[in-house]
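Structure, as structure tokens:
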Amino acid sequence: MHHFIYKDNELYCESVAISDIAREVGTPFYLYSSATLTHHFNTFDKSFGELPHLTCFAVKSCSNLAVLRLFSTLGAGADIVSGGELYRSLKAGIGPRRIIYSGVGKTEEELRYGLVSDILMFNVESEQELERLQQVALEQDLVAPVSFRINPDVDPKTHAYISTGLAKNKFGIPIEQAEKIYLRARNMSHIKILGVSCHIGSQLTEISPFTETLQKVKLFINKLEAHGISIDYLDLGGGLGVRYLDEKPPHPQEYARALKDEMEGLECTLILEPGRVIVSNAGILISRVLYTKQTGTKNFIIVDAAMNDLARPSLYDAHHDILPVKKKAGQPDEESLQIVDVVGPICESGDFLARDRELPAFDQGDLMAVMSSGAYGFTMSSNYNSRPRAAEVLVKDDQFYIIRERENYETLIRDESIPDFLE
Ligand code: LLP
């Protein structure tokens, strides 16, 4: 369910006409609906009902302070993967005891920052990271709460770039090596074992890889318990998919039901790290048509958003629906449909938002909505081609708020300097 709907052929976000926002903010911009964000978070979180659980929103999917604050008011925790994400999450008001820190390459400084911030736990991904964490904790005279991310070698059946739980992926500790590490960690003076974690991939559209993982983790927890190691938290990661085109991902309630069944008999608190399923369809990218041109072989629509704004089509060949912000009279009718490439101004042929797509006619100056862009949209944007990054806007009911100003030429070069010898 989302709140981007047409009224009289004009696309609205909740009760705000998107063209009104464009007039004031300019283009391109990301637009989020607070009603959709709230609905998605609550639907997910409440699906787990009475089962002891903590929903830690995956900050990497959409990390604007206002969005994090919204989730924080709904009781969310945060799944972070960098010092920067920790900083944002704390600034947004997410309590440190609701923050878990994942990622294969945490620096010493990041480990220290997490430790002194008193986060709930570190998902440790290698023996060397464990040793470094012990050292940092010793220096700080603190005890580091850890869970180890185990790699269960389960095929998530998703895009190769976003599958993380296969033996060949860089993530986690192979399940067969993990027991030894737990036994070692147990004897470390400044380490406290709290949990077991895993994350097998993103955009999963079936439940079975999750339940298969949970079964493997359960057996593993039993082994640990036989050694007298008790586990308080079982972190299953994120990964539930969404519909971009014709995928049929399970509803969060179906997903929750399957996990709850598997959790039967386990005493631990379940941690979930959803990103995409919460924010993807709660955000869109609004762009304006700069030019159209027909070559002998192609029809191009050249817009003012590009691969630096939304990398997913170029990077993963991902599909995002494209809609006109104002439908022209009679649209959509078969005759006005054309096969087009929607491309940005960047000097690369890989710079496209859609290829060989059947779309209604777009003319110069028209506004276009690139749907389902709330997850891994703005957060993956860059300044390539020295393009200032887009603005971000949040709508609530009939009001909109700029939650990130559009960058400008000044901000582009703010941190650069010319050394004396060149002056
Ligand atoms: N937890 C961990 C440890 C993760 O690495 C990720 C995502 C998540 C949770 C959240 O997964 P989600 O629920 O959003 O599927 N840029 C790619 C997706 C990369 C996902 C990376 N890890 C894309 O645009 O499709």
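Across segment 175-206, which residue is nearest to residue 262 (Cα to Cα) among those that are among the β-branched types (Val, Ile, Thr) and more than 14 Å from the ligand (Cβ to nearest atom)?
175
State all residues of segment 217-232 that are over 16 Å from residue 186 (Cβ atoms) and not hydrophobic (A, V, I, L, M, F, W, C); if no residue qualifies, say none.
Listed by number, the residues that qualify are 218, 222.
Take the residues of segment 359-396 that are farther than 21 Å from residue 325 by Cβ and over 23 Å from the mean Cα position of the chain (by Cα): which is surrounded by the fewest Cβ atoms within 10 Å (Cβ to Cβ)?
386
From the list 71, 57, exactly one residue is modelled with pLDDT of 95 or more, in a helix (DSSP H, G or I) and crowded, with 21+ Cβ neighbours inside 10 Å. Which is it?
Being modelled with pLDDT of 95 or more, in a helix (DSSP H, G or I) and crowded, with 21+ Cβ neighbours inside 10 Å holds for just one of 71, 57, which is 71.
Taking the condition of being under 14 Å from the mean Cα position of the chain (by Cα) and either open to solvent by 10 Å² or more (accessible area, probe 1.4 Å) or touching a residue at least 40 places away in the same chain (Cβ under 8 Å) (or both), how many residues in segment 78-102 meet it?
Number satisfying all stated conditions: 5.
State whether one or more residues within segment 95-106 are within 25 Å of residue 240 (Cβ to Cβ), polar (S, T, N, Q) and part of a loop (DSSP other than H, G, I, E, B).
Taking every residue of segment 95-106 in turn, at least one turns out to be within 25 Å of residue 240 (Cβ to Cβ), polar (S, T, N, Q) and part of a loop (DSSP other than H, G, I, E, B).
Answer yes or no as to whether residue 310 is within 16 Å of the ligand (Cβ to nearest atom), touching a residue at least 40 places away in the same chain (Cβ under 8 Å), assigned to a loop (DSSP other than H, G, I, E, B) and surrounded by fewer than 16 Cβ atoms within 10 Å (Cβ to Cβ).
no
Of (1) touching an Asp or Glu at 6+ places or on another chain (Cβ under 8 Å); (2) away from the ligand (no atom under 12 Å from the Cβ); (3) open to solvent by 20 Å² or more (accessible area, probe 1.4 Å), residue 289 satisfies all except one. Which?
For residue 289, the exception is condition (3).
Just to be sure I understand the filter: pairs with C-beta atoms under 6 Å, separated by 6 or more residues or on different chains, first member in segment 139-150 and free of Cβ contacts under 8 Å to residues at least 40 places away in the same chain, second member among the aliphatic types (A, V, I, L, M). Which pairs pass?
140/115
Using the structure shown, decide if residue 172 is modelled with pLDDT of 95 or more and within 16 Å of the ligand (Cβ to nearest atom).
On the way: modelled with pLDDT of 95 or more: no; within 16 Å of the ligand (Cβ to nearest atom): yes.
Spelling it out, it is not the case that residue 172 is modelled with pLDDT of 95 or more and within 16 Å of the ligand (Cβ to nearest atom).
Six or more apart or on different chains, Cβ under 6 Å: which pairs go from a residue in segment 288-301 that's among the hydrophobic types (A, V, I, L, M, F, W, C) to one that's in a loop (DSSP other than H, G, I, E, B)? Could you list them?
Qualifying pairs under 6 Å: 289/362; 289/364; 289/366; 290/304; 301/362.
Please enumerate the residues belonging to segment 37-72 that are among the hydrophobic types (A, V, I, L, M, F, W, C) and more than 16 Å from the ligand (Cβ to nearest atom).
Selection gives 51, 65, 66, 70.
From the list 239, 228, which one is buried (at least 24 other Cβ atoms within 10 Å of the Cβ) and either at pLDDT 95 or above or away from the ligand (no atom under 16 Å from the Cβ) (or both)? Full working, then the answer.
Numbers: 228 fails: buried (at least 24 other Cβ atoms within 10 Å of the Cβ).
Selected residue: 239, the only one of 239, 228 that is buried (at least 24 other Cβ atoms within 10 Å of the Cβ) and either at pLDDT 95 or above or away from the ligand (no atom under 16 Å from the Cβ) (or both).
Which is farther than 22 Å from residue 62 by Cα, more than 14 Å from the ligand (Cβ to nearest atom) and crowded, with 22+ Cβ neighbours inside 10 Å, of 154, 124, 143, 116? Working first, answer last.
Working: 124 fails: more than 14 Å from the ligand (Cβ to nearest atom); 143 fails: crowded, with 22+ Cβ neighbours inside 10 Å; 116 fails: crowded, with 22+ Cβ neighbours inside 10 Å.
Step by step, each of 154, 124, 143, 116 is checked, and only 154 is farther than 22 Å from residue 62 by Cα, more than 14 Å from the ligand (Cβ to nearest atom) and crowded, with 22+ Cβ neighbours inside 10 Å.
Inspect segment 165-186 for any residue being in contact (Cβ under 8 Å) with a residue 60 or more places away in the chain and assigned to a strand (DSSP E or B) and give the result as yes or no.
No, segment 165-186 contains no residue that is in contact (Cβ under 8 Å) with a residue 60 or more places away in the chain and assigned to a strand (DSSP E or B).
Would you please name the residue that is nearest to the ligand (Cβ to nearest atom), looking only at residues in segment 251-275 that are open to solvent by less than 10 Å² (accessible area, probe 1.4 Å) and of a type outside the set (Gly, Ala, Ser)? Spell out how you get there, then give the answer.
Start the filter on segment 251-275 by keeping residues that are open to solvent by less than 10 Å² (accessible area, probe 1.4 Å), which leaves 255-256, 259, 263, 268, 270-272, 274-275.
Among the residues that remain, those that are also of a type outside the set (Gly, Ala, Ser) are: 255, 259, 263, 268, 270-272, 274.
Values: 255: 11, 259: 14, 263: 19, 268: 18, 270: 14, 271: 10, 272: 9, 274: 5 Å.
The residue in question is 274.
State whether the residues of segment 341-352 include one that is farther than 30 Å from residue 212 by Cβ, under 25 Å from the mean Cα position of the chain (by Cα) and within 16 Å of the ligand (Cβ to nearest atom).
yes
The values are calculated or read from the model by the stated rules, or taken from the named source; none is laboratory data. It should be emphasised that the depicted structure is a prediction, and the values quoted were computed from it without experimental measurement. Note: ideal-geometry Cβ built from the backbone for every residue, glycine included; neighbour counts use all protein chains shown. Side chains are part of the model used for accessible areas, which takes the heavy atoms of the whole protein and leaves out ligands, DNA and RNA. Shrake-Rupley method; radii C 1.70, N 1.55, O 1.52, S 1.80 Å.
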